[in-house]
Every structure is written in structure tokens, then in C-alpha cells.
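Below is one structure, written out as C-alpha cells; the observations come after it.
Computed from the coordinates by the stated procedures, all read-outs in this text should not be read as laboratory data. Since the structure is predicted, the reported quantities are computational estimates derived from the model, not experimental observations. When we count neighbours, we look across all protein chains shown, and the Cβ atoms used for this are built from the backbone with ideal geometry, even at glycine.
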Amino acid sequence: MKFATLVLLPTLVTVLNGCSTTESENVRTQGIRAEIRIIATGSDVANEATVEAHLYVGSGGVGGTLIEISSGDSLHAYLDGEAYGLGKNSDLFGVYYAATLPTSSVNTQYQVSFERDEGVSALESVVMLPEAFQITSETSISTTKSATLDITWSPQGEGKLTLIYGFSCEGGTNSNSDDFGFRTIDDDGAFQLDLGDYLATDVTQCEGTIDLERTVSGTLDSNFGEGGFINGVQRRSITIDVVK
């Protein structure tokens, strides 16, 4: 079995308590950190892709101040000359902006622009998607919490994948619990996952998802003075039903 660094995401309570927002009109572009991802979930170029953008004041991070787009500012994705406006969304981790794009072609350049009527815009953040892959093992699994899952995919790559997991469980000391986290693994086509490493010993039933993400970095517009990233992501998912 190939072990890698295991990272637990902060508890939702910590994240929620740390979330705050400000309007974009209050922040110069030089004071913004941008985290942008273009995400494809299938190999067919006719499948849609999603662009997601989080903007932060300063260096961002857990508990950082998120930026809400105010009048005079906007976020757009450009694909083959067509513009797609990013709309406001929110989840348990805060405010972000997203749009659906009509293709997930690996041969297409995706551009995301932060456009301002006043002040400095950041128009030239670009990225392409990495090589697509498919999970070749089962993608819908019913098993026990002591099981070892043999996860395989093709084609393999030369770098790393990110394995992201999330489980919602019943039973045990806390009656109900959620567990989220991620780890990096070699992109060599195979990984063994021991469920016992991720689940409490006393839970009785869990539902969960495991995502594998292959990521490539693009070029972020340098006018985002606090940096950040724009990444192209190929994501594939496995659903898991865990019984006692």
C-alpha cells in the first residue's frame, strides 16, 4: 500500500465562524488573492465544464475575508471568443462565483477575467485542462468499514493526484458525524484505500464520496497582487455506502 500525507480539513464550525465578506469596491486589485478552477468531470469533450472562483482580501486562507462582487466589477470566463458571466453562489465555506461552460476539451484555452469599471482589471488568467482519465474500478460501491478498496484509473500520469474524501456517518459516540479531508497520491493508475483509516471504529453506517483530481497549473494575471492560482482539473468520483 502506498501511503501519502493525510490532511484533515478544518471543522465546518471553525470555517463558518471564521467567514466574513466585503464588497469588491472596497478592495484594490493589488490587494486581492484569486483562486480559480476549471473543473471537468468526464472525458467527452461535449460534457460541460465548471469554472469556480474564490476571491479573498489579502493572503486569504481559512477564516480569511471573502470578496463579494459589487456594482462596476464582474467576473467572466472566455471560451472560443464567447463570454460567460460568473454568478454568485454560496456553500458552507462561503461565497464564490461560478459558471457552466459548454465543453471540457483538453485542447481549449480557458480564460477568466476580473473586469472593473474603475481601477485595475485582471483580464489574463488562462489555463488548459490536463489529460482526461477514467476510473476503471467500480464507481459505486457497497462495502464494510474494514474493507480495502482497490481503486484503478487510466491512463496514468506522471505527477500526483489529489484524493478527496467526505463521509457522513451514523452511530458511534457522536450519533452522527461528518469526516472530510484529502491526501496526495501517485498518479500511477492504482491505489489501495483502507476505509478503517478514514472512519471511526464505532460508526454503524456511512455514505460517502471519493474524488480523484488531476490538476495542472495555468498562468494567473499578475494584477492580483496577493497571488493565488488558476488550475485546470479533471475530477472523477466514486460513491460509497458503508454498512456495519
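Just 187, 211, 202 to compare: in a GNM of the chain, with alpha carbon springs under 10 Å, which one fluctuates most?
Sorting by GNM fluctuation, first place goes to 202.
P(r) tail for segment 15-130, what percent of Cα pairs lie past 18 Å?
Cα-Cα pairs of segment 15-130 separated by over 18 Å account for 50 percent.
If the only charges are +1 at each Lys and Arg Cβ and -1 at each Asp and Glu Cβ, what is the size of the charge dipole of the chain around the Cα centre, to the nearest 20 debye?
Its charge dipole is roughly 360 debye.
Taking the Cβ of each residue in 160, 88, 145 as the centre, tally the other Cβ atoms inside 10 Å and list the residues starting with the fewest.
88, 160, 145
Taking 41 Å as R0, compute the FRET efficiency from the Cβ-Cβ separation of residue 71 and residue 217 and round it to 0.05.
My answer for the efficiency is 0.80.
Which of 49, 166, 140 sits farthest toward the positive end of the charge dipole of the chain, with +1 on the Cβ of Lys and Arg and -1 on the Cβ of Asp and Glu?
166
Could you estimate the translational diffusion coefficient of the chain from the Stokes-Einstein equation, with Rh from the Kirkwood formula over C-alpha pairs, at 4 °C and 1.567 mPa s, in whole µm²/s?
Here the translational diffusion coefficient equals 67 µm²/s.
So if I place +1 on the C-beta of Lys and Arg and -1 on the C-beta of Asp and Glu, and nothing else carries charge, what would the dipole magnitude of segment 15-130 be about its Cα centre? I want it in debye, nearest 20.
Roughly 320 debye for segment 15-130.
With Cβ to Cβ distances under 11 Å as the rule, what net charge do the other residues near residue 23 carry (K, R +1; D, E -1)?
Residues close to residue 23 contribute a combined charge of -3.
Pick out, from 66, 114, 89, the residue whose Cα sits farthest towards the positive end of the charge dipole of segment 15-130, with +1 on the Cβ of Lys and Arg and -1 on the Cβ of Asp and Glu.
The listed residue farthest towards the positive side: 66.
Taking the Cβ of residue 116 as the centre, find all other residues whose Cβ is under 11 Å away and add up their charges (Lys, Arg: +1; Asp, Glu: -1).
-4
Using the beta-carbon distance between residue 121 and residue 48 and R0 = 25 Å, what value does 1/(1 + (r/R0)^6) give for FRET efficiency, to the nearest 0.05?
0.40
Which distance in nm do the two modelled labels at residue 25 and residue 244 give, with both placed 7 Å along the Cα-to-Cβ direction?
Label-label distance for residue 25 and residue 244, simple model: 5.8 nm.
So if I take the centroid of the Cα atoms in segment 75-140 and the same for segment 222-244, what is the distance between those two points in Å?
When both Cα centres are located, 12 Å separates them.
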